[in-house]
1. Can you classify region 174-258 as rounded, prolate or oblate using the Cα gyration tensor, where a ≥ b ≥ c are the square roots of its eigenvalues, rounded means a/c under 1.5, and otherwise it's prolate if a/b beats b/c and oblate if not?
2. Could you tell me which of ALA56, LEU255, MET202 has its Cα farthest along the dipole of the chain towards the positive end, charges placed at Cβ (Lys, Arg +1; Asp, Glu -1), taken about the Cα centre?
3. Calculate, axis by axis, the spread of Cα positions in region 112-258 along the three principal axes, and write the results as whole Å, longest axis first.
4. Run through every distinct alpha carbon pair of the chain and return the Kirkwood hydrodynamic radius in angstroms, one decimal place.
5. Using only Cα atoms and rounding to the nearest 10 degrees, what angle (0 to 90) does helix 8-21 make with the longest principal axis of the chain?
6. Can you compute the modelled spin-label distance between ARG190 and ASP134, with each label point 7 Å from Cα toward Cβ, in nm?
7. What shape does region 56-143 have by the C-alpha gyration tensor, where a ≥ b ≥ c are the square roots of the eigenvalues, rounded means a/c under 1.5, and otherwise prolate means a/b greater than b/c and oblate the rest?
8. At 222 nm, what value in deg cm²/dmol follows for the chain if DSSP H runs of at least 4 each add -39500 (n - 2.57) and the sum is divided by all its residues, to the nearest 500?
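Computed from the coordinates by the stated procedures, all read-outs in this text should not be read as laboratory data. This one's a predicted model, so the numbers in the text were calculated from it and none came from an experiment. Heads up, the Cβs are rebuilt from the backbone with ideal geometry, glycines too, and the neighbour counts pull from every protein chain shown.
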Amino acid sequence: MRILGSAGPAAVCLLSLLPSLWPPACPAAIEAGGSLALTTDDVYRGISQTCGHPAAQADLHLREGGTSAWTAFAGAWGSAGLGGSRCGGAKELDPYVGYSLALTPSLDVTLTYTHYAFPGGDYANPHLSGSRYDYDQLAMSWGIAQRLHLTLAWTPDALRYRRYEDSFRGEQNRGAFACGAEWRQPLPFRLSLTAGVGYDRMADPFGTGYGFWSLGLTHAAGPLELDLGYFRTAERAVRLFGPDSAGGRVSATVLWRF
C-alpha cells in the first residue's frame, strides 16, 4: 500500500522512545509472510511508476509480537514493470523495518523506515534524463478505529533542481515531506470502499509539491484480494511528470497473501 508524508522531529522523538516503549522480556512469536500481486499500473501518490504499464509485485516480511500491543517487522517489497520501454519496465526494490504500537483499542501508531531503490528504469520526470534516484524515507502513521489512516513521511535526500548557467541539474540535497489520509468503509459482500487524499513535496524537485486523491473498491476473500482504484493528481504533477505518469488513471490489482 502506498500513501504518505513528514515525520521529522516527531518521528525522531518517537524513535528515541522505542526502548522505553518496548515491553519487558516475554515470549515472542516470529512469523513470516508476504504477498504476490499483478497490477495494471503501479501508482504511488497519484504517479504511475511504470508510465501506465502493468507490473508484477511481491512482498516478503518477518513480524515479531510479544504481546497484542506491539509488533516489530522487517521485509522487502519489489515491483517489476512489464512494459517494453525503460520507464514501462522500471524495477523497484524497497527494504523496510518498522515498529507498531497499539496505544488504545482504537488507536495505533506505526513508525517505518524504507529505502526506495530503482535498479532500472528512467526517472519519471520528463525534464530529467538517466536512471532514477534512490532515496530514504521515515514515515509515521496513525490508525484510528481501523477506519481512518493518517500518514506523515520525510526524506533527507530528495531531488532538487539547481541552475548551472543556462541548464538545470539534479542533486539529492533536500529534505522534503509528503502526507496523506485514507478512509476505509466496510460494505456488504466482503467489499470495502476507500477514499484517499494527500500532498507530496518529495517528488517535486522545485519543492512546491502537488496534491493527489483516489477512490477505490476492494473485495477480500481469504488470502485473495481484488482492488480497483481511480487516481487523480493536480495539474502541476502533469507538468512535472507528463501525461503518461500523472493526471487521471485507473488501476486494477489482484493480490494473494501467504
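1. Values: a/c = 2.42, a/b = 2.16, b/c = 1.12.
It is prolate, given that a/c is not under 1.5 and a/b is the larger ratio.
2. After comparing all options, I get MET202.
3. Dimensions of region 112-258 along the principal axes of its Cα atoms: 61, 29, 29 Å.
4. Working: mean 1/r = 0.0521 Å⁻¹.
Final number for the Kirkwood radius of the chain is 19.2 Å.
5. 20
6. 3.9
7. On the way: a/c = 3.27, a/b = 2.40, b/c = 1.36.
Because a/c hits 1.5 or more and a/b exceeds b/c, region 56-143 counts as prolate.
8. Numbers: 2 runs with 21 residues, N = 258.
-2500 deg cm²/dmol, from helical runs alone.
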